[in-house]
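The values are calculated or read from the model by the stated rules, or taken from the named source; none is laboratory data. Computed from a predicted structure; not experimentally measured. All Cβ positions, even for glycine, are placed from backbone atoms using ideal geometry, and neighbour counts span all protein chains on display. Just so you know, the surface numbers come from the protein's heavy atoms only, side chains and all, with ligands and any DNA or RNA stripped out. Shrake-Rupley method; radii C 1.70, N 1.55, O 1.52, S 1.80 Å.
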Number of protein chains: 2
Amino acid sequence: MVSVDDHVVEPAGLFEGRVPAKYKDAAPKFITREDGTNAWSYEGAEVSNVALNAVAGRPPEEYGIEPTSLDELRPGTYDIHQRIKDMDANGQLGSLCFPSFPQFCGQLFARTADKDQALAMVRAYNDWHIEEWCGTYPGRFIPCSLPAIWDPEVLAAEVRRTAAKGAHAVTFSENPSKLGWPSLHSDHWDPFWTACCDESVVVCMHIGSSSQLVITAPDAPIDVLITLSPINIVQAAADLIWSPVLRKFPSIKFALSEGGIGWIPYFLERIDYNYQRHRAWTHQDFGDRLPSDVFNEHVVTCFIDDHFGVASRAWLNMDNVCWECDYPHSDSTWPTAPETFMKQMDGVERADIDRISHLNAMRHFGYDPFSVIPREECTVGALRRRAAGHDVSVQSKSKRVKAAGAMAASLGRMAESR
Amino acid sequence: MVSVDDHVVEPAGLFEGRVPAKYKDAAPKFITREDGTNAWSYEGAEVSNVALNAVAGRPPEEYGIEPTSLDELRPGTYDIHQRIKDMDANGQLGSLCFPSFPQFCGQLFARTADKDQALAMVRAYNDWHIEEWCGTYPGRFIPCSLPAIWDPEVLAAEVRRTAAKGAHAVTFSENPSKLGWPSLHSDHWDPFWTACCDESVVVCMHIGSSSQLVITAPDAPIDVLITLSPINIVQAAADLIWSPVLRKFPSIKFALSEGGIGWIPYFLERIDYNYQRHRAWTHQDFGDRLPSDVFNEHVVTCFIDDHFGVASRAWLNMDNVCWECDYPHSDSTWPTAPETFMKQMDGVERADIDRISHLNAMRHFGYDPFSVIPREECTVGALRRRAAGHDVSVQSKSKRVKAAGAMAASLGRMAESR
């Protein structure tokens, strides 16, 4: 089983030895505050959310997005050796890990006034991610680089540099316009798309990566936000389809990370209907194809747990559907991902199970674990045997009492950390 | 066939003889401007959009949302006798018509400083709608009242008054919070919900009725907006489910007008998943039921054209799915609604076809056409025979050249008129 969406909580020593001397003192520092919570200190600010919603292995009562400390987290969230044990215990061979404290698109670094410094931080982060996080256990990770999002030429160069080191995924915003950069409808990003095509790099748009929370009303309970966050990816899907990008760059690939799949057949039917009804006055042109054809060709679709989506597979391009574990976030199916996954595979042919569980991820992300690890050691059973005795029981980790109003505060923090 | 979503373009004489003498001069006046376009003049302002997107029977090149004049519209949009002929020619027995120029929730009147005057306008509108528009041809319409939205007690009284005249539907906002009123999560609307329960009135939330357009980026083509408008109803669905309303008022019914149905199974699976995962810390309580149970009990779901939705009917509460024609808007299947409808009914059992095409609408909206019109005269074939010779061919109606930038201007107008 290969997951195309997990998350890493960055460990304290990340930048050590990876930043040029000139910027050594400027690198983010991992600190422990007076109340015991951890934070990253960078450019005079403290980033509270070291581990957005990293609640794996904790009881649901402790879920939330409060500031936290590493000692409240499962070590597998930040320690690579423990992470591999957690993956083994979950029967999970491969993992693509998104960043936590720099935000999905490295916005933390992009805000740095000195852009040379910003680039030094992005490079250091990517080198650590590729060499240390993914490199310590060859064949277990799909490296995903952080973008130098403030300049498309610099971004393109970093994509090429990290692709040469094996990163065939880059994390990007589901809507750069909401972050203050030009939209997908402009030609601003063309150097970036070109680099991704040249280097076979999938552009991953994770839900929430526009830093826009769907707030229906000031007094709406947080459940509304939790419900609407994933489906909000339809906005990115609509932007992608109607933008020039997919038609202008024939080999480009996007992944809608944590986007789910059950909404896609409805969405594609609607978008084709809109095209056929309105193209005469909106002047869209897909030649002899339909918008749905273009989506199905270019967009990798991803789900954690989606019975209805799997049941609707006749309406999906099954060459593009990938599975996600989402460790260590609250939606994750860890440590029983194989069991949860197989429940959804009731009645699904073996070929489709293989495509969803690993073949599609391997093909799209240029990930070839079997060249490093014998195939028979990659099965759920083999991995779990290796992890025999590893404790995956639910453990209370809370060190602090949940404050009144913590939920409202969580909302604000969720916005600031995505 | 009974449609629970069509639209009326209000005719010039609407307020004549329906407003108390004190407010006679204050009533909206239908005017023709120098450029030949029509508007309603009210409280010193001109409402340009007399007929939001009322393009039925015109070629797709002329679709759009420009200011228009009645002579550019199909007479069936505003003339009740012509409307009946258009309905007959479409094989359509029944129709629920939403307002045009007062906006979905009567915001135009709600903005009036003198609230007695505002109420006089809402009452005049409702009397016209029930007595003239719906009353001229008994058994052909499901009356839908305009809300006195500025005061829940006044609103409740108007619901009771119009229900006594036969209106078992009221048009309301998919998100009153976005219009500046309290949200569904407050108890502000309780008198209104109580009146709707007492009088068996369905609260209709039409897409776009929050006046919030989904704009992903300033340079996004209008196709993005058109694509995202219907699916945006998920926000109303999430608000409804997580609000206290459905649990507090056991007999209340909401309709998600023009909301489509193909997204619902995915959405309900997600919301149940969220509930089970997060309730321990968000403290939501559905007793021995699930959020999906509550949705399926209270929410009438509606579609115009949704193959995938119909194909997914095993996942839907088929007692609540209703068909819509959406005449005279651009998404309407008029004048071939029966043919378009039956294409989607391939393989669907007769009982389900009957429920979708008319039985659910009749039951939910207390609509009983057969008490007025013999059943055998209500079939598609019988209605079409009555309309023999009625011209339904596509006709170019454009009197003005589409200005450059008309599309961008349309966007702004769409926001102001919903």
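Would you tell me the mean number of C-beta atoms belonging to other protein chains that fall within 10 Å of each C-beta in B:272-280, as a whole number?
Per residue, the number of nearby Cβ atoms from other chains is 5 on average.
Might you work out the accessible area of residue A:29 for me, using a 1.4 Å probe with all protein chains in place, and round it to the nearest 10 Å²?
Answer for residue A:29: close to 100 Å² accessible.
Where both partners of a DSSP beta bridge lie in the range A:166-264, what percent of those bridges are antiparallel, to the nearest 5? Working shown, then result.
Numbers: 0 of 8 bridges.
Looking only at bridges with both residues in the range A:166-264, the antiparallel portion is about 0 percent.
Report, by chain and number, residues whose modeled amide H sits under 5 Å from the one on residue A:210, excluding near sequence neighbours (fewer than 5 apart, same chain).
A:174, A:175
Show me the ranking of peptides B:31-38, B:323-330 by mean Cβ neighbours inside 10 Å, starting with the highest.
B:323-330, B:31-38
Could you pull the Rg and Dmax for chain A, using just the Cα atoms, both in Å?
20.7, 65
If you roll a 1.4 Å probe over the range B:196-287 with all protein chains in place, what percent of the accessible area is carbon or sulfur?
Carbon and sulfur atoms account for 51 percent of the accessible area of the range B:196-287.
Quick one: Cα centre-to-centre distance for the range A:338-362 and the range A:249-271, in angstrom?
Computed from Cα coordinates, the inter-centre distance equals 19 Å.
For residue B:116, which inter-copy label distances result when the label point lies 7 Å beyond Cα on the Cα-to-Cβ vector, reported in nm to one decimal and in ascending order?
Once sorted, the set of distances for residue B:116 reads 7.6 nm.
If we restrict to alpha carbons, what Rg and Dmax does the range B:220-279 come to, in Å?
13.8, 43
For the range A:265-275, what does the Karplus curve 6.51 cos²θ - 1.76 cosθ + 1.60, with θ = phi - 60°, yield as ³J(HN,Hα) per residue in whole Hz, taken in order and with x for Gly and Pro?
Residue by residue, the range A:265-275 yields x, 4, 4, 5, 4, 5, 6, 5, 4, 4, 4 Hz.
Determine the shielding of peptide B:309-318 by partner chains: average, over its residues, the number of Cβ atoms on other chains within 10 angstrom of each Cβ. Could the numbers behind the result be given before it?
Values: counts 3, 0, 5, 7, 0, 1, 5, 0, 0, 0.
Mean partner shielding for this stretch: 2.
Using the per-residue mean of other Cβ atoms lying within 10 Å as a proxy for protection, in what order, highest first, do the peptides B:177-189, B:133-145 fall?
Ranking, from highest mean packing down: B:133-145, B:177-189.
For the pair residue A:370 and residue A:219, what calculated FRET efficiency results from E = 1/(1 + (r/R0)^6), where r is the Cβ-Cβ distance and R0 = 51 Å, to the nearest 0.05?
Approximately 0.45, to the nearest 0.05.
May I ask you to evaluate 6.51 cos²θ - 1.76 cosθ + 1.60, the Karplus curve with θ = phi - 60°, for each residue of the range B:348-364 and list the ³J(HN,Hα) values in order in whole Hz, giving x for glycine and proline?
7, 5, 4, 4, 5, 4, 5, 5, 5, 6, 7, 5, 5, 4, 4, 5, 5
Distances over 51 Å make up what percent of all Cα-Cα pairs in the protein assembly as shown?
Here the tail beyond 51 Å accounts for 20 percent of pairs.
Can you report the principal axis dimensions of the range B:191-257 using only the alpha carbons, biggest first, rounded to whole angstrom?
Result, largest extent first: 47, 20, 16 Å.
Just to verify a number: what accessible area does residue A:397 come out at with the full protein assembly present, 1.4 Å probe, Å² rounded to tens?
40 Å²
Could you state, as a whole-number percent, how many of the C-alpha pairs of the range A:157-209 are farther apart than 19 Å?
27 percent
Can you work out ³J(HN,Hα) from phi for every residue in the range B:321-331, in order, using Karplus 6.51 cos²θ - 1.76 cosθ + 1.60 and θ = phi - 60°, giving whole Hz and x for Gly and Pro?
So the J values, rounded to whole Hz, are 7, 10, 8, 10, 9, 6, 4, x, 7, 5, 7.
Over chain A, what is the percentage of antiparallel beta bridges among all DSSP beta bridges, to the nearest 5? All intermediate terms of the calculation are to be shown ahead of the outcome.
On the way: 7 of 27 bridges.
The answer is about 25 percent antiparallel.
Once you place label points 7 Å from the Cα toward the Cβ at residue A:136 and residue B:46, how far apart are they in nm?
Between residue A:136 and residue B:46, the label points sit 7.1 nm apart.
Measuring from the lowest to the highest alpha carbon on each principal axis, how far does the range A:6-63 reach, largest first, in angstroms?
45, 28, 13
Computed over the Cα atoms of the range A:117-224, what is the convex hull's projected area averaged over all directions, in nm²?
The Cα convex hull of the range A:117-224, projected and averaged over all directions, gives 8.7 nm².
Using the 7 Å Cα-to-Cβ label point, sort the distances from residue B:285 to its equivalents in the other copies shortest first and give them in nm to one decimal.
Distances between equivalent label points, in nm: 6.2.
Considering only A:385, A:355, A:123, give the residue with the highest GNM mean-square fluctuation for chain A, with springs between Cα atoms whenever their separation is below 10 Å.
Fluctuation is largest for A:385.
Would you tell me which residue of chain B has the beta carbon closest to the rotation axis bringing chain B onto chain A, and how many whole Å away it is?
Residue plus distance in Å, as requested: B:263, 3.
Show me you know the interface measure: the accessible area buried between B and A, both chains summed, probe 1.4 Å, in Å² to the nearest 100.
Interface between B and A: roughly 5600 Å².
Across peptide A:330-343, how many C-beta atoms of other chains are within 10 Å of each residue C-beta, on average?
Across the residues of A:330-343, the mean count of other-chain Cβ atoms within 10 Å is 1.
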